[in-house]
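Reading through the structure tokens given below for one structure.
The numbers here are math on the coordinates, done by the rules we state, and not lab data. Source: prediction; values computed, not measured. Here the Cβ positions follow ideal geometry from the backbone for every residue, glycine too, while neighbour counts run over all protein chains shown.
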Amino acid sequence: MTGPARGYGATSPRILLVDDDPNLLVLLADQLRADGFDVQTARDGDEALRRLRSGWPDLLIIDMMMPRMDGLTLAREVKAQADLPIIVLSAIDTADSKADLVEEVAEDYVTKPYHYPELRARIGRVLRRLGDKVPRRDLVLGPDLVLELHRRAATVRGESVPLTPTESRLLYALAANLGQTVTTETLLDRGWADTEDADPSYVWVTMRRLRQKIEPDPNHPVHLVTVRGIGYRLVGVAGAEDPVPA
Amino acid sequence: MTDSRLGPDGSDRRERDGGRDGGRDGGRDGGRDGSNDGGERSHDGGRDGHPDGGRGPGGGRANRGRNSEPQWIGPSYSFRARLTAGLIAGAVVPLAAFGLVLGAAEIARSGGLDSTVGGLIVFALAAAIILAVVFGYFLAGNLTGPLRAIARAVERVSAGDLSVRVEVAGEDELARLVESHNRLAADLERRNTELGRILVAIGETSPRDGQERLVAHATANARSAFEMIDAAIHLGDPDEVPIEEVVPGEARPVRAVLALPDERVGVLTGHLPATRSWDAADQDLLELFASEVAVAIRNAQLFEQVRQQTERLIDLDAAKDDFLRGISHNLQTPLTSIRAYAEQLTGERPDRRLAIITEQSERLSRMVRQLLAVSRLEAGTLRPRLEVLALAPRLRHAWEALGVADLAFELDDDAPGWLAVADPDQLDQVLWALFDNAVKYGAGSEVRAQVRPDPAGSRLLLTISDRGPGVSEEARDSVFERYARGGGPDHPEGTGIGLYVSRELCRAMGGSLELEPRGPDLGGAFTIALPAEPPAAAEA
């Protein structure tokens, strides 16, 4: 399928922006274009689906609450057709009971009113993650560990353990490069792109916490291996089916 | 002489039964036990013990399948005959002896005592006495033996072994006594069985089953427990179901009102086989069952009511949640535009007025979020997402977002390298509320924030303080209460939920929020404690 015409050169990512508030739509489109994105806009779900028929963007930004088709329905419909990355804009925050539903279909979501720099950072993070292709299925890493990143959980010794958004983002980056070392800088960027004061200790501490969650013996990790001075490596152990995605 | 005695099989069985319910308090437990493990047996027994089952004496009425051998009493001489014989023996033998003595005295007086005759008389006398004693002894045994057997049987029945029956030959008074004992034991056993089934049936009911299933269940249980031909439960006014007449030879109608102390729930009706006896005790038992059914139905009705109310509340809560979400969306959407445009303009041409627009729209949006947080706290749907984060930069951002450039802010970070474990969004709300509070009540004094590790363990303590008048003694207790305002009528601004929400959010994140005691050189001071990670050694 051919994409829409690219007005900013072959490398500018295409974004389809869907929001029912025209003020915001115009402003945000302007801001994104000024940052070099190729932006199309839609006022509601139907218009968005029509635009998708003429070509896939690299990323969708969808407002959660829209008349007729709400953002969640639109996101589900899009995901049913193609694995397009989606960022949901919404007035609900992480503590809302609907946050889980959003996270099931969306790669990320940004709470309204947003800071443009934060939204910009998250767009960058989601687009960078496009290279990390992890199948939306369980990843068996050993007899005691199964990662279910599409639902932000791991099964450790038969018991389901919830993962925080950051933890699953880090594991996502590591799983996409299974068996290979991922640098601390990469992980920091994947996990905390929108936190300007994050430093490598965020990665170290989060890895320590992750080991407590998923390693059989956190003091002698077998899955989350430190590559001293460089970064980390996620490895499967004997007994696991071949976890490398095709 | 056939002394009544249990067969070896019977005595073994009794010991086993006794062993099973032994430790527990005898009678009732034993009865239940017996009725539970002997469904088949007691069917048979019930019919055997049936008072209308003919009065045919012993021999023909073998107690097949019974666990205890019948107590056998014989031989078949009537009790009256045996008593007569005993009395005669008691009277005649002394009379004969007296006659012999008189005769001997006569002989001795008239013709000199022939020693031979004298000895004969003495011998006869002795023989008569011995004979009388032996005869009397056996007669006594013959008379008391059956009575002892009956006494034993009665004792065992009263100890809870209702399966014991005594068999007697003949149709004398003893036989009738035994017959009525057997009937009593059979009735007791039957009712015990019924009671056992009722108890089991009651134990099986649960208000969760719903009224319909409960009624069906109770009807089936009534039929099986009382061995009815049919049974039905009518819910509503019992008088709506006409009372049936008892017609001899036809199925006997029975009836019991499902009565509660304050209400008659319905009526249980049914029919028994015509041959089945039915007396006051049976009726009592049926009414007991009916009242238990009434209680179960009432429970089911109440349970259903509670369930419906709960469902309604859940629906209402979801509606409220949707409503608040909608309100939030409708308020946040224009605020998003306002702030985004103000920020964009600030970027092009910095202006303090634009900064105020940004700050005030931020403030408004924070308040909306606070209200949402209250609703979620009340509904218990608040679930923080805990991430690691450094407190000091977070504090600085929160202060800057407040936009009070004219106030001094001092930040002491005594926990370098430590990372708190908290939900970033919720923590920002708490920090914003505490800073807002310090600005509002600090009377223009410097605001200070201090971060330090908790000496007691892996937690970070964060104190935000001002040098204003602080919280008055009388307000200290209520400062965290909902809709409490520290300033009284002089400070009408604020929603009065900031500190309440902040404390609850801290608790939800596994931490706490406390008001510090007043001290010299210290105004209002609040300390947040949060779970934290000590500094990590550089590893990668």
Practice item. Go ahead and run the numbers for FRET between residue B:351 and residue B:312, Cβ-Cβ distance against an R0 of 45 Å, rounding to 0.05. Key: 0.25
Exercise for review: Report the label-to-label distance for residue A:161 and residue B:159 in nanometres (one decimal), using points 7 Å from each Cα along the Cα→Cβ vector.
Suggested key: 6.3 nm
Practice item. Work out how much length residue B:147 to residue B:125 would gain on full extension: take 0.36 nm times their residue separation and subtract the Cα-Cα distance, in nm to one decimal. Key: 4.6 nm
Review point. What's the average, rounded to a whole number, of partner chain beta-carbon atoms within 10 Å of each residue's beta-carbon in B:380-388?
Key: 6
Revision key, fill the gap. For the residue B:288, residue B:378 Cβ pair and Förster radius 45 Å, calculated FRET efficiency rounded to 0.05 is 0.45
Check your understanding: How far apart, in nm, are the 7 Å Cα→Cβ label points at residue B:80 and residue B:446?
Key -> 12.4 nm
Check your understanding: Taking Cα centroids, how far is the stretch B:456-472 from the stretch B:170-248 in Å?
Key -> 73 Å
Review point. Of B:472, B:328, how do they rank once you tally other Cβ atoms within 10 Å and put the fewest first?
Key: B:472, B:328
Exercise for review: Any chance you could run the full-extension gain for residue B:278 through residue B:330? It's 0.36 nm times the residue separation minus the Cα-Cα distance, nm to one decimal.
Suggested key: 11.2 nm
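Could you sort the peptides A:13-21, A:53-61, A:76-84 by per-residue average Cβ neighbour count (10 Å cutoff), highest mean leading?
Sorting A:13-21, A:53-61, A:76-84 by mean packing, highest first, produces A:13-21, A:53-61, A:76-84.
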Practice item. Give me a single rounded figure for A:110-118: the average over its residues of other chain Cβ atoms within 10 Å of their Cβ. Key: 5
Review point. Ordered by residue, what ³J(HN,Hα) values in Hz, to whole numbers, does the stretch A:218-227 give under the Karplus form 6.51 cos²θ - 1.76 cosθ + 1.60, where θ = phi - 60° and Gly and Pro are x?
Key: x, 7, 10, x, 10, 9, 9, 9, 7, 9
Revision key, fill the gap. Listed with the fewest Cβ neighbours within 10 Å leading, B:84, B:116 appear as B:116, B:84
Check your understanding: Can you give the mean number of other chain Cβ atoms that lie within 10 Å of the Cβ atoms in peptide A:226-233?
Key -> 2
Check your understanding: How many nm is it between the label spots at residue B:473 and residue B:344, if each spot is 7 Å from the Cα in line with the beta carbon?
Key -> 5.8 nm
Revision key, fill the gap. Output ordering of B:451-462, B:339-350 (per-residue mean of other Cβ within 10 Å, highest first) is B:451-462, B:339-350
Practice item. Give the peptides A:197-207, B:424-434 in descending order of average Cβ contacts within 10 Å, highest first. Key: B:424-434, A:197-207
Study note, to complete from the structure: Per-residue Cβ contact counts at 10 Å, fewest first, order B:464, B:338 as B:338, B:464
Practice item. Hey, can you grab everything whose amide H is under 5 Å from the amide H of residue A:88? Only 5+ residues off in sequence or another chain; H modelled, so Pro and N-termini drop out. Key: A:62, A:108, A:109, A:110
Practice item. Apply the Karplus parameterisation 6.51 cos²θ - 1.76 cosθ + 1.60, with θ equal to phi minus 60°, to every residue of the stretch A:190-202 and state each ³J(HN,Hα) to the nearest whole Hz, in sequence, with x for glycine and proline. Key: 5, x, 9, 4, 9, 10, 5, 8, 5, 10, x, 5, 4
